[in-house]
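A short reminder: the numbers here are calculations on the coordinates, not readings from a lab. Predicted model, so just to flag it, every value in this text is computed and none were measured. No Cβ is skipped: glycine too gets one built from the backbone with ideal geometry, and neighbour counts run over all protein chains shown.
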Amino acid sequence: MEVIGEIFSINGPVVKVGKCENFKMHDQVFVGDEQLIGEVIGVDGDNTIVQVYESTTGLKTGDRVVSFQSPMSVTLGPGIIGGIFDGIQRPLKSIEDKSGPFISRGLSVDPLDKSKKWKVKMLVSKGDVVSGGAVIAQTPETPQIMHKVIVPPGIGGRIDYIAPDGEYTVSDVIAEIADEQGNKTQIKLSHRWPIRVPRPYKNRIGIREPLLTGQRIIDTLFPFAKGGTAAVPGGFGTGKTMTQHQIAKWSDADIIIYIGCGERGNEMTQVLEEFTSLTDPKSGALLMDRTALIANTSNMPVAAREASIYTGITLAEYYRDMGYHVAIMADSTSRWAEALREISGRLEEMPAEEGFPAYLSSRLAAFYERAGYIESLSGNEGSITIIGAVSPQGGDFSEPVTQNTKRFVRSFLALDRQLAYARHYPAINWLSSYSEYAGLLSGWYEENVDDRFMLNRKRIIALLQEEASLNEIVKLIGSDVLPDDQKLVLETARVIRVGFLQQNAFHPIDTFVPIKKQFLMMDIILYLHDKSKDVLQRGIPISQLIETGIFDSIIPIKYQINSEQLDKFDLLRNKIDEACKKVIENNEVVKR
Amino acid sequence: MKMEYMGLKSISGSLVILQGIKEASFEEIVEIKTDEGDVRIGKIIELAKDYTVVQVYEGTHGLSLKNTVTRPSGKPMEFGVSREILGRVFDGAGRPIDGLGAIFAEEYLDVNGKPINPVSRRYPRDYIQTGISSIDALITLIRGQKLPIFSGNGLPHDELAIQIASQAKIQDADSENFAIVFCAMGVSKDVADFFRKSFEESGVLGRVAMFLNLSSDPVGERIVAPRCALTAAEYLAFEQNMHILVILTDMTSYAEALREISSSQNEIPSRKGYPGYLYSDLASLYERAGMLHGREGSITQIPILTMPNDDITHPIPDLTGYITEGQIVLERSLYQRGIYPPISILPSLSRLMKDGIGEGYTREDHPDLANQLFAAYSNVQDVRSLASVIGEDELSETDKKYMRFGEQFEKEFITQSFDENRDISQTLETGWNLLRILPRSELTRIDTKILEKYYPRDEG
Ligand SMILES: Nc1ncnc2c1ncn2[C@@H]1O[C@H](COP(=O)(O)OP(=O)(O)O)[C@@H](O)[C@H]1O
Ligand SMILES: [Mg+2]
């Protein structure tokens, strides 16, 4: 049913529509002669408020606004993976085909390629009883991802018709389901789902395994969890985007949804270029074969930036329901919050802090709530991990978006301007970052990596904290006057910082480090520390040990030992033993 | 067809409110005829059935409620382009002001441009040698990048911009396909003259299109000036295949103009009175830099902004830094110590440098060398503050070396004269010479192989 209204006023992306009472909240609408896409975001008495996802330049009062009375939705089906879409799931490649390198308005493009044929294998037979969420067919979407065709939630019954195995497009009917009353529903390879409505699942399952990223400081000190939430706040240039890119490249998720929300165009171009040439270390498949990109860059319409987050998370839920572990990156959630603020300002709503609307907090909560490790309606296990970048104004973490985000995320990687200035990357501050998953995951690490893993982690953290408090003294009097055991703490902590925490994203070996090597690196540093302590206990000054160069020789192991040569760590132990032995012997000679 | 409307409902700041306008469209340009008969232009920034808000670019002084005549043009703001615009001078609204007559336009383009499709972008990778060591080695400029200068009042940002513009060696660019688009926003006549004269002296004036909205010019036009300039740049780069360097100065005046207009509209401000959409608005300018698939040209942007109170966390530098691909930060204390260019390297950054340096681009040792110079100079800051507490004599031997490194680094690497043009290998060699002040064990940022090859002092 078509509902028509007319424009009463236009203020930026916000259009008020008069002369119609039948618009419903979150309806998708088409605005003006060019049929710009918009969404109803408010219905109050006389006026319906619409946010328009394209530039509103040129609209006139009195222009038609049409609604087909269906909510703002995405199309879910094969062809999402490997694609790059704008904030409302329009493929940017199709837009380019239609309008060239600059994005025009009012383009009508299909979210998924309607002509492409997918090789589908049916998994049910006529007469089978299925319910919403059931997997009835599958098709290889990419060499890496088997796409499961799911009965849309809310539909169920007996399979009345099932197409034979074969090649089908996203709009071909592959099955018909008859419910108890005999009403039939056609099932295609794709279905629509409203972006503001979380997709249902059977159960939430607790956190059980880490989302490994190959980034040492994350995996060891501040782990992410599959199904968990994380925030990466930091001023400009501190490494939010690099961190997100690294996770997108190397994490052990099955599927990556990367949302460039109000950030740079070139960064999306870069992901696109890199991911179509880099391969996944585990599967050997192209990274793009497990990734979907959503790009609503800073110069694209601001309202679509608001929608991009929901578009992204809905795609993520769809793959989660197939039983995949999905990681979703949003760079940056602050731009999304600012889009909310801008729309809210145009509506002259009462602002709360710094002009942000009072509902900022509940919107953030609702977004992060869509993360989780779940059992799907069909009994598959899947998860969504959300990793949101936050761009605090002036790098000041006390601002509303950072503070509100902090309430809903459980891993918090605080990026630090001073570390970035010193080019200590990743510039994650080890004193102010945290992960509440560390405790929950200790069993996993002990079982799957080493039973000393958590112990080592604890010792590393303790050494870094001790260093921080010693630094307070050093700042005032220099380090020369410290007793030797404290000098050793400083020296070990230096090795930890420079040799372990620092990780060069551009180095072929260092960019991704398997968890086993991460453990061995911690272990060898602590071994050196313990051995050095023994030496000091004999009254030998630490300077002698430092002079042997043994500390400095541990620092570059991250570049020298690649993941296939982990037995080299044993040689390092011998080297440490020898260095210590030599120092001790020298002293005995002197004594004699 | 074109309707005319007599009279205004109200006037507030640079805005006028009208009633009863029919057939107007959002963000179209209107002509406004004053009592005296001169014609101004404005833009519809809010449109409702019962009222219309117009922002008048040249300001509202002298407008009367009764006799002002308004005429909608039916179009957004346009700028007429052709290759003829090179060598010409325009006002902020794109009208020639050099007395050389009108431009014979090949086409008229909407000055607001359209967003570049991310899939159509070509990722910039080719470095531009500026001949300035600190920039080339540590904050490498890449063709198609947007790299602003964060400066302060009275610092030599104009000189630096000119030095970059005149020394820049852009790959594939020659005197035929290289041009400069210069846009002044709210700067003094002296500054504009300085740029003009400098372009003239380096013999490029004929290849410069200048857009001038000086501090004495209308604030409203300040908002359109960079849009006209970038429209010109896009035309030259993407339709005429030229490599364009765009200098925008001063972005702070631009943002202040935006604030002024926003507050006269009674909009809810975010930080320091700036409108909540400052980020998106700045992005709509900065994101017009770059390169496209299938087009040879490029737009490299060097916006200049003066940080109020030298405060990098002020919304203007802050939001700029969130959008641009790095920043070159100037520091007053370096300048006061007589260092030119007073580039504070630690907060400076070139985000695109990582993909445009190293083997096959500059030299294999460049990334590690840069990294190490940053790390070492950052350590110098700590050592200096320790020295100021305990005295330089009490420093450890290594720390004393850092003190020396810091001094030499500022003297030999950062400092260079306004007309000194160093090539990249000279710059990198100077860098290695400085690192040799430090013990080899301190150079933890450099891959062992590179260190072995480059650290030992050259024989002879
Ligand atoms: N892990 C890293 N390894 C190496 N360089 C990094 C790393 N993280 C950040 N950088 C450097 O810092 C720059 C800015 O990082 P980016 O992620 O773009 O910052 P943000 O998104 O916080 O503004 C990058 O261009 C790169 O040079
Ligand atoms: Mg970023």
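Students often get this wrong, so check it: of A:K458/A:K581; B:K75/B:K114; A:K282/A:K406, which have C-alpha atoms separated by over 26 Å?
Working: A:K458/A:K581 28 Å; B:K75/B:K114 15 Å; A:K282/A:K406 33 Å.
A:K458/A:K581; A:K282/A:K406, as the Cα separations exceed 26 Å there.
Expressed as an acute angle from 0 to 90° and rounded to the nearest 10, what is the orientation of the C-alpha long axis of helix A:568-591 relative to the principal long axis of chain A?
Its long axis makes an angle of about 30 degrees.
Sketch the reach of a paramagnetic label on B:E106 as a point 7 Å from Cα along Cα-to-Cβ, and name the residues of the range B:77-94 whose backbone nitrogen lies under 14 Å away.
B:80-86
Considering only the other residues whose Cβ falls under 14 Å of the Cβ of B:H293, what net charge follows from Lys and Arg at +1 and Asp and Glu at -1?
Counting the neighbours of B:H293, the net charge comes to +1.
Tell me, in nm to one decimal, what length is gained between A:E348 and A:R196 on full extension, where the rule is 0.36 nm per residue of separation less the Cα-Cα distance?
Once the chain is fully extended between A:E348 and A:R196, it gains 52.4 nm.
Given an 8 Å cut-off on Cα distances and at least 6 residues of separation, report the relative contact order of chain B as a percent.
Numbers: 940 pairs, mean separation 75.9, N = 460.
Dividing the mean separation by the residue count of chain B yields 17 percent.
Given points 7 Å out from each Cα along the Cα-Cβ axis, report the A:T57 to A:S125 separation in nanometres with one decimal.
6.2 nm
Before rounding to the nearest 500, sum -39500 (n - 2.57) across all DSSP H runs of length at least 4 in chain A and divide by the residue total; then give [θ] at 222 nm in deg cm²/dmol.
For chain A, the value works out to -10500 deg cm²/dmol.
Can you list the lysines whose alpha carbon sits under 19 Å from that of A:K114, skipping same-chain ones fewer than 8 residues off?
A:K93, A:K98, A:K148, A:K188
If we count every other residue with Cβ under 13 angstrom of A:I205's Cβ, Lys/Arg +1 and Asp/Glu -1, where does the sum land? Walk me through the numbers before you get to the answer.
On the way: positive: A:K202, A:R204, A:R208, A:K226, A:R320; negative: A:E209, A:E375, A:E381.
Surrounding charge for A:I205 is +2.
I need the calculated FRET efficiency for the pair A:R208 and B:R337, taking r as the beta carbon distance and R₀ as 60 Å, to the nearest 0.05.
0.55
What is the local net charge at B:Q167, summed over the other residues whose Cβ is closer than 14 Å to its Cβ (Lys, Arg +1; Asp, Glu -1)?
Within the 14 Å Cβ shell, the charges total -4.
Compute the helix-to-body angle for A:515-537: its Cα long axis versus the longest principal axis of chain A, expressed 0 to 90° and rounded to tens.
Helix A:515-537 and the main axis of chain A meet at about 20 degrees.
Across 10 Å bins from the origin, how do the percents of Cα pairs in the range B:4-47 run, short distances first?
23, 66, 10
Can you pull out the GluC sites (Glu not before Pro) in the range B:24-71 whose DSSP state is coil and whose Cβ has at most 11 other Cβ atoms within 10 Å?
Sparse-neighbourhood loop GluC sites (Glu not before Pro): B:E36.
Only bridges with both residues in chain B count here: give the DSSP antiparallel percent, nearest 5.
Rounded to the nearest five, the antiparallel share is 55 percent.
Describe numerically, in nm with one decimal, the distance between label points set 7 Å from Cα along Cα→Cβ at B:V389 and at A:R158.
Spacing of the two 7 Å Cα→Cβ label points: 8.3 nm.
Using helices alone, what [θ] at 222 nm do you get for chain B, with -39,500 (n - 2.57) per DSSP H run of 4 or more residues, divided over all residues and rounded to the nearest 500? Can you show the working numbers first?
Values: 11 runs with 133 residues, N = 460.
The helix contribution divided over chain B gives -9000 deg cm²/dmol.
Mind giving me the FRET efficiency for B:F178 and B:S441? R0 is 30 Å, r the Cβ-Cβ distance, nearest 0.05 is fine.
Efficiency for this residue pair is about 0.05.
Once both axes come from the Cα atoms, what is the angle between helix A:333-346 and the longest principal axis of chain A, in degrees from 0 to 90, rounded to 10?
Compared with the principal axis, the helix lies near 40 degrees.
Rounded, prolate or oblate: which one fits the range A:453-591, using the alpha carbon gyration tensor with axes a ≥ b ≥ c (rounded when a/c is under 1.5, else prolate when a/b beats b/c, else oblate)?
Judged from the Cα gyration tensor, the range A:453-591 comes out oblate (a/c at least 1.5, b/c at or above a/b).
Can you give the FRET efficiency for B:D38 and A:Q403, using 1/(1 + (r/R0)^6), R0 = 45 Å, r = Cβ-Cβ distance, to the nearest 0.05? All intermediate terms of the calculation are to be shown ahead of the outcome.
On the way: r = 52 Å, r/R0 = 1.15.
Calculated value: 0.30.
Taking 8 Å as the Cα distance limit and 6 or more residues as the minimum spacing, I'd like the relative contact order of chain A as a percentage.
13 percent
With each pseudo-label sitting 7 Å past Cα toward Cβ, what's the B:S202-B:M6 distance in nm, one decimal?
5.6 nm
Cα gyration tensor of the protein assembly as shown, axes a ≥ b ≥ c as square roots of the eigenvalues: rounded (a/c below 1.5), prolate (a/b > b/c) or oblate?
oblate
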